[in-house]
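Scroll down for the structure; my scribbles are underneath it.
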Amino acid sequence: MGSVWRDASSIADLGQNMAAWLEGRLPSWPGYNGPFGQEEENGARHLIPTLAAVNRAGFVTTGSQPAEDGIWNGAHWRQRASVDGIVHDHSPLYRRLTDLERQGFLVYQGWPKEYVAVTDRNGEPVTGFGGFRLGRDQTARDWYGIGRQALRELKTRGAVLHIVDPAWGRDDRLWPALINAIR
């Protein structure tokens, strides 16, 4: 995985590393089988500058997708713009990100008990999050290979957030809202 991840001592360090991965300067990240990714779908490349900036600000993103709505391979596919990640729970950024709910976004803290679909095909959920219980030590498995201090901070101060635009196919609201949240 490399010393850059082992040398990380905080959530902020992880954010710097994740930004470097998004920009193609690191081959992979813990819990991800690279080297590939960096928003490899052609329709998602426009997210890289926003996601890199958000990571540098301290919201360590672990998943994202643009909103889409259209016909592919004879099926109607819809996606909601969404991002998930981890932020220090005592940071001003945590409050600004959770305040996105006031702007009409769906903000889930932790792992939701109910499944939340972010992609569907012909009206049937395809991808989402929540709906099942995570294992006790999921964080250690997901972030295997990072520095001990960073892992401790993730476990004790890391707040998992899922932020979703409730409108299917709308890709012009979430990303500017994230940029405003980090200013």
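Taking a Cβ cut-off of under 13 Å around ILE179, the surrounding Lys, Arg, Asp and Glu residues balance to a net charge of +3, with basic ones at +1 and acidic ones at -1. Projecting label points 7 angstrom from Cα along Cα→Cβ for ALA140 and GLU114 puts them 3.4 nm apart. Shape verdict for region 86-168, please, from the Cα gyration tensor: rounded (a/c under 1.5), prolate (a/b greater than b/c) or oblate. Judged from the Cα gyration tensor, region 86-168 comes out oblate (a/c at least 1.5, b/c at or above a/b). Accessible surface calculations at 1.4 Å, restricted to protein heavy atoms, place region 79-143 at 60 Å² per residue.
Our coupling estimate for region 7-20, obtained by passing each phi through the Karplus curve with A = 6.51, B = -1.76, C = 1.60 and θ = phi - 60°, is 7, 4, 10, 7, 4, 4, 4, 4, x, 4, 5, 5, 4, 5 Hz, Gly and Pro reported as x. For ILE146, neighbours were defined as the other residues whose beta-carbon sits under 13 Å from its Cβ, and their charges (Lys and Arg +1, Asp and Glu -1) total +1. Would you mind telling me the share, in percent, of accessible area of region 137-176 contributed by carbon and sulfur at probe 1.4 angstrom? Of the solvent-accessible surface of region 137-176, carbon and sulfur hold 46 percent. Considering only GLY15, GLY123, GLY169, the Gaussian network model of the chain with Cα springs below 10 Å gives its largest mean-square fluctuation to GLY123. Compactness of region 52-107, taken as the C-alpha radius of gyration over 2.2 N^0.38 Å, stands at 1.42. Can you tell which of THR139, THR156, THR98 shows the greatest fluctuation in a Gaussian network model of the chain with Cα springs below 10 Å? Fluctuation is largest for THR156. Per-residue ellipticity at 222 nm, computed for the chain from helices alone with -39500 (n - 2.57) per DSSP H run of at least four residues, works out to -8500 deg cm²/dmol. Pairwise inverse Cα distances across region 138-183, averaged and inverted, put the Kirkwood hydrodynamic radius at 13.2 Å.
Over the chain, the Kirkwood radius and the radius of gyration, each from Cα atoms, give a ratio Rg/Rh of 0.95.
Residues whose amide H falls under 5 Å from that of GLU23, counting only those 5 or more places apart or on a different chain, are absent, with hydrogens built in the peptide plane. Converting phi to 3J(HN,Hα) with the Karplus coefficients 6.51, -1.76 and 1.60 and the offset θ = phi - 60°, region 104-116 yields x, 7, 8, 10, 10, 9, x, 9, x, 6, 9, 5, 10 Hz in sequence order, with x at every glycine or proline. Projecting the Cα atoms of THR127, VAL160, LEU100 onto the dipole axis of region 89-183, where Lys and Arg carry +1 and Asp and Glu carry -1 at the beta carbon, places VAL160 farthest toward the positive end. Couplings 3J(HN,Hα) for region 155-161, derived from phi with the Karplus relation 6.51 cos²θ - 1.76 cosθ + 1.60 (θ = phi - 60°), are 6, 9, 10, x, 9, 7, 10 Hz, where x marks Gly and Pro. Summary value for the chain: 29 percent relative contact order, contacts being C-alpha pairs under 8 angstrom separated by 6+ residues.
Rounded to the nearest angstrom and listed largest first, the equivalent-ellipsoid semi-axes of region 79-126 from its Cα gyration tensor are 25, 12, 9.
The values are calculated or read from the model by the stated rules, or taken from the named source; none is laboratory data. It should be emphasised that the depicted structure is a prediction, and the values quoted were computed from it without experimental measurement. As a convention, Cβ positions derive from the backbone with ideal geometry for all residues, glycine included, and neighbour counts pool all protein chains shown. Surface accessibility is based on the protein's heavy atoms, side chains included, excluding ligands, DNA and RNA. Shrake-Rupley method; radii C 1.70, N 1.55, O 1.52, S 1.80 Å.
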